[in-house]
Amino acid sequence: MNAAERPRRSLLVGVLAIFYALSAAAIPVEAAPCSTTSFESIGFTLCEARAGDDIRLFLDDDEGEVLGSFARIEAALAVRGEALEFAMNAGMYHPDRRPVGLYIEDGEERRGVVTSAGPGNFGMLPNGVFCVLDEGFAIVESREFAEAPLPCRHATQSGPMLVIDGALHPRFLENSTSALLRNGVGVDASGQRLVFAISDQPVTFHRFARLFRDHLDLPLALYLDGNVSRLHAPGIGRSDWGRPMGPVVGMVSAQEGAVGEEAEAEGG
């Protein structure tokens, strides 16, 4: 290559580099459903879903034994060529890990709604129901749900409500010193956007509720649990471990290249 050709070649290489960079930027990349954020100097991990995403609840295996761990749920889904995009514990449970309140899985009501006040966070009325509908999501105060049940495909009851039509639960104190790792779920007014959140540091009820209302702009939010809160989010390399859980909620997707249960069985 002579000296006169070098500037032209360099210009061509530069133009091609810009072309490929712009082309790559124009190709949409599917964002991971989970990400981290900070609110008032506290770290949180958020997992978002939209209407149409496959959100499910998990409790038992085919033998009626409580699954209790992310690994067992992943194994059960893998047989069907599916996997978890993310998952977290989905409400309070008795010592046998059965749900305390309303629990619906695949349209079957496994436990009825509880409307009475009681001890602990669950009984701090108003509490609520998280409901997965065919066309979106809803969070409904428990007594309201009991009077007019929704056709939930999946549902779990927990408490207390964190945000009720844009207002914080009336019993939350801004100057409270009771801080725990906590997880919860919020829904927008249209029922089309869903955000699960887990604190990465201990947080008070008041601050956790304000995360949903003030930081995420969600008018409805429900507390799921505290202290035992755990998240499984393979897309960001996180899978918390701990003692066995009760109900679990997660987003499911088809595994790329999966052959399905029947094909695997035929192949031995």
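Every read-out reported here was derived from the displayed coordinates using simple, explicitly stated rules and does not represent laboratory data. Being a predicted model, the structure only gives us computed values, none of them experimental. In this analysis, Cβ positions are derived from the backbone assuming ideal geometry, glycine residues included, and neighbour counts consider all displayed protein chains.
Each Cα pair of the stretch 34-255 feeds into the Kirkwood radius, which the Stokes-Einstein equation turns, at 4 °C and 1.567 mPa s, into a diffusion coefficient of 76 µm²/s. Shown here are the Rg and Dmax of the Cα trace of the stretch 121-248, at 14.2, 42 Å.
Using a cut-off of 10 Å between beta-carbons, work out the net charge of the residues near ARG210 (Lys and Arg +1, Asp and Glu -1, ARG210 not included). Before the final figure, lay out each step's value.
Details: positive: ARG207, ARG213; negative: GLU40, GLU174, ASP214.
Local net charge: -1.
Placing unit charges on each Cβ (+1 for Lys and Arg, -1 for Asp and Glu) gives the stretch 34-255 a dipole about its Cα centre, and among CYS131, ALA254, LEU168 the Cα reaching farthest toward its positive end belongs to LEU168.
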